[in-house]
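Below is one structure; the comments refer to it alone.
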């Protein structure tokens, strides 16, 4: 009888482990966006560092609590160099480049195709120098 209970317990434990693995795998492969909240306060991003998985849609909810406009541009060094000298007064055409008017919230969804590290920066005059810089780390795996 004791042996049967041990085998039944082992079987139940194995079943739970298999189901947990299936559920975890389904969540990891889900195509539902992960929501990441970023607040702009006193011309800084909070948090200034976020980590997200490669290949998964990420919905950034960016709330500007400041009484002035800001931008959120995420990309590599070439992207930021282009924007430092660019002339676009407002960003809305690309999910990686948005303008967030004073005291508003904007949402944008981005899927990062490769792992690595990218910066998000506000390129309005003086904002980057003041510290409006953050990092997105894109990772592989669970």
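The values are calculated or read from the model by the stated rules, or taken from the named source; none is laboratory data. In this text the structure is predicted, and so the values were computed from the model without any measurement. Counting neighbours? That spans all protein chains shown, and the Cβs are built from the backbone with ideal geometry, glycine included.
Pairing each residue of region 22-48 that is exposed (fewer than 11 other Cβ atoms within 10 Å of the Cβ) with any residue that is at pLDDT 95 or above, provided the two are 6+ apart or on different chains, yields C-beta distances under 9 Å for 29/56; 31/56; 31/57; 32/56; 32/57; 42/65; 42/66. The set of residues from region 53-80 being at negative phi and part of a loop (DSSP other than H, G, I, E, B) comprises 54, 56, 65, 66, 67, 68, 69, 76.
Here the condition is being over 14 Å from the mean Cα position of the chain (by Cα), surrounded by fewer than 13 Cβ atoms within 10 Å (Cβ to Cβ), in a loop (DSSP other than H, G, I, E, B) and without any contact (Cβ under 8 Å) to a residue 60 or more places away in the chain; of 129, 92, it holds for 92 alone. Mind listing whichever residues of region 108-126 are loosely packed, with under 14 Cβ neighbours inside 10 Å and closer than 24 Å to residue 67 by Cα? 125, 126, listed by residue number. Checked across region 51-68, the condition of being at pLDDT below 95 and buried (at least 16 other Cβ atoms within 10 Å of the Cβ) holds for no residue. Residues of region 83-129 that are in contact with a strand residue (DSSP E or B) (Cβ under 8 Å, 6 or more places away or on another chain), at pLDDT 95 or above and over 21 Å from residue 37 (Cα atoms): 114 alone.
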